[in-house]
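Reviewing the structure listed below.
The values are calculated or read from the model by the stated rules, or taken from the named source; none is laboratory data. All values derive from a computational prediction rather than experimental measurement. Here Cβ is always computed from backbone atoms with ideal geometry, including for glycine, and neighbour counts include all displayed protein chains.
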Amino acid sequence: MVDRPRDPLLSAFGGAVRSLRLARGLSQESLAEAARLHVTYISSLERGRRNVSLVNIDRLARALGVDLPGLMAPVEAHRQGEASESRQT
């Protein structure tokens, strides 16, 4: 299987999910169960390999005990950093 390149936005979202999951002491399995998603989906999402639907974003936020802005804040910070970098070059 060929590994496709990661989209920076998907990687940022996956990193945000992973950070919140670890901060709450959850395994991928327990997060998957709470969010009603498959564990392999959580794994690939955290690696930036999934383009996540809005329904699944909501499921993840609820399972992680955060609101949608709280889940998306690290992703927005990443976007702002990218925009700042592109203006400097």
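Pairs are defined by a Cβ separation below 9 Å, a sequence spacing of at least 6 or placement on different chains, a first member in the range 6-23 that is within 12 Å of SER44 (Cβ to Cβ) and modelled with pLDDT of 95 or more, and a second member that is among the small types (Gly, Ala, Ser) and in a helix (DSSP H, G or I); the pairs so defined are GLY14/SER44. Within the range 21-40, the set of residues being touching a helix residue (DSSP H, G or I) at 6+ places or on another chain (Cβ under 7 Å) and not β-branched (Val, Ile, Thr) comprises ARG21, ARG24, GLN28, GLU29, LEU31, ALA32, ALA34, ALA35, ARG36, LEU37, HIS38.
With (1) closer than 19 Å to GLU76 by Cα; (2) among the small types (Gly, Ala, Ser); (3) in a loop (DSSP other than H, G, I, E, B) as the list, and GLY25 as the residue in question, which single condition is left unmet? For GLY25, the exception is condition (1).
Of all residues in the range 20-49, how many are surrounded by 15 or more Cβ atoms within 10 Å (Cβ to Cβ), over 21 Å from LEU9 (Cα atoms) and among the hydroxyl-bearing types (Ser, Thr, Tyr)? Count: 1. The selection criterion, being outside any helix (DSSP H, G or I), surrounded by 14 or more Cβ atoms within 10 Å (Cβ to Cβ), of a type outside the set (Phe, Trp, Tyr) and under 12 Å from the mean Cα position of the chain (by Cα), holds for VAL52.
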